[in-house]
Amino acid sequence: MKVIIRIAFLVLAYSSVEAQELTVSVFGQSSELGFQRGYSIQYEKEKWGMGVLFQSGKTISLETSNNNHPFIGLTIARELYTAGKMRLLLTPKVGFVNQHFLVFIPELQTEFNLYKGLRLSLGTAIRARQPAATLALSYQILK
Amino acid sequence: MKKAPLTKRRKYIYYALSTYGWAMLLFVLTLSCEQPIDDPYETFVIPEGKHNATLTTQSLQSDQINFSAIFDESAIYESKTAENQHDINKLVGFSDCNAHHHQSSARFGWRWLNDQIEILAYVYGDGERQTEYIGAVNPNDTASYHLKITEKAYVFRLNDFDEVAVSRAKNCDRGLYYMLFPYFGGDEKAPHDISIKILFRS
């Protein structure tokens, strides 16, 4: 957990100095673990991005239960293609579920630029060997 | 300023991305309306002459595993060597924190013995194996399995049988715990195709 916090701090500190692009997102994910909602902040430079995210079930809480499996982790974004206002990105995530369990989540996202810095993303991921779908709304707060 | 026209290649990418995007949107929208499928069980088949069912990988995501399992008549077998009938096959479990499963793990084990399917706790702690009888089931019975990690023990429960706790050699707290799926053996490989239906619950 400390490692994630340290990396997040470095990412955010660096982004505030360089200010290439900083994006905040809210998202929902439907997966084997039920519906989860979450937040992320991501720094992007050229075709790469890196950020931190938090997601959980019914409540935004670190409390673990049968219907709340909080996930804190890092996300890496790699732009694969751009066409018009759309981008295809590889957005794998790694972090801890229920505070103790290390997981890796492969994910692919299609991002639509709706208006200026406002973007809508649709993603497919694999969680617990089952497909998961993500819907995210992002806003570019720094450029 | 006038936008530059899309090249042919970029048009193809654009159309592909649009199609994928709309398909994803439909997928997300229809996910919540999906009707439950008739048989939600996942079938693991250990082919004749093999130890493993289809190889699959998954990391454990909570401190417990809950599932239902149904063995059918394929769980009835006779070992080539009589003493191997006592060998324990594996059902489902996990390796403990950042450890190989022969070092530190907990699994439900099973074997066909005394005309029933015996279910056992099968645990490695610091490389030492411990087994303990939990209960028995019959072919085609649906049985409920529960395995929980506590700080000092792995707690096994099968249906209404008494809980069995096996001590845990704790090596770490936070890290990778990987799940373990059906395996035949013991020394011998599956004498015929063995089919086990499992329904995991979150």
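Do you know which of the residues in region A:86-114 that are closer than 18 Å to A:Lys45 by Cα and out of contact with any Ser or Thr (no Cβ under 9 Å at 6 or more places or on another chain) is surrounded by the fewest Cβ atoms within 10 Å (Cβ to Cβ)?
A:Leu90
Condition first: within 17 Å of the chain's Cα centre (by Cα), buried (at least 16 other Cβ atoms within 10 Å of the Cβ) and more than 17 Å from B:Pro182 (Cβ to Cβ). Can you find one or more residues in region B:103-118 that meet it?
The answer is yes, given that some residue of region B:103-118 is within 17 Å of the chain's Cα centre (by Cα), buried (at least 16 other Cβ atoms within 10 Å of the Cβ) and more than 17 Å from B:Pro182 (Cβ to Cβ).
Kindly indicate whether any position in region A:52-63 is touching a residue at least 40 places away in the same chain (Cβ under 8 Å), surrounded by 16 or more Cβ atoms within 10 Å (Cβ to Cβ) and of a type outside the set (Asp, Glu). Spell out the reasoning first.
Of region A:52-63, the ones touching a residue at least 40 places away in the same chain (Cβ under 8 Å) are A:52-53.
Next, from what is left, pick out any that are surrounded by 16 or more Cβ atoms within 10 Å (Cβ to Cβ): A:52-53.
Filter once more, keeping what is of a type outside the set (Asp, Glu): A:52-53.
Scanning region A:52-63 turns up at least one residue that is touching a residue at least 40 places away in the same chain (Cβ under 8 Å), surrounded by 16 or more Cβ atoms within 10 Å (Cβ to Cβ) and of a type outside the set (Asp, Glu).
Could you pull out every one of the strands (runs of 3 or more DSSP E) wholly within region A:71-143 that has 2 or more residues that are under 30 Å from B:Lys8 (Cβ atoms) and within 14 Å of the chain's Cα centre (by Cα)? Lay out the reasoning, then the answer.
Working: elements: A:71-83, A:86-90, A:93-97, A:101-105, A:107-115, A:118-127, A:130-142.
Per the criteria, A:71-83, A:86-90, A:107-115, A:118-127.
Scan B:Gly175, B:Gly125, B:Gly185 and give me the residue that is modelled with pLDDT under 95 and buried (at least 19 other Cβ atoms within 10 Å of the Cβ). Please lay out each step first, then the result.
On the way: B:Gly175 fails: buried (at least 19 other Cβ atoms within 10 Å of the Cβ); B:Gly185 fails: buried (at least 19 other Cβ atoms within 10 Å of the Cβ).
That would be B:Gly125, the only listed residue that is modelled with pLDDT under 95 and buried (at least 19 other Cβ atoms within 10 Å of the Cβ).
State all residues of region A:90-113 that are farther than 21 Å from A:Ser56 by Cβ, without any contact (Cβ under 8 Å) to a residue 24 or more places away in the chain and more than 10 Å from chain B (Cβ to nearest Cβ); if no residue qualifies, say none.
Start the filter on region A:90-113 by keeping residues that are farther than 21 Å from A:Ser56 by Cβ, which leaves A:90, A:108, A:110-113.
Next cut, without any contact (Cβ under 8 Å) to a residue 24 or more places away in the chain only: A:90, A:108.
Matches in region A:90-113: A:Leu90 only.
Residues checked against (1) outside any loop (DSSP other than H, G, I, E, B); (2) farther than 22 Å from A:Ala128 by Cα:
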{"site": "B:His146", "(1), (2)": "yes, no"}
{"site": "B:Asp160", "(1), (2)": "no, yes"}
{"site": "B:Val166", "(1), (2)": "yes, yes"}
{"site": "B:Gly185", "(1), (2)": "no, yes"}
{"site": "B:Lys189", "(1), (2)": "no, yes"}
{"site": "B:His192", "(1), (2)": "no, yes"}
{"site": "B:Lys197", "(1), (2)": "yes, no"}
{"site": "B:Phe200", "(1), (2)": "yes, no"}
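The values are calculated or read from the model by the stated rules, or taken from the named source; none is laboratory data. Fair warning: this is a prediction, and the values are worked out from it, not measured in the lab. Note: ideal-geometry Cβ built from the backbone for every residue, glycine included; neighbour counts use all protein chains shown.
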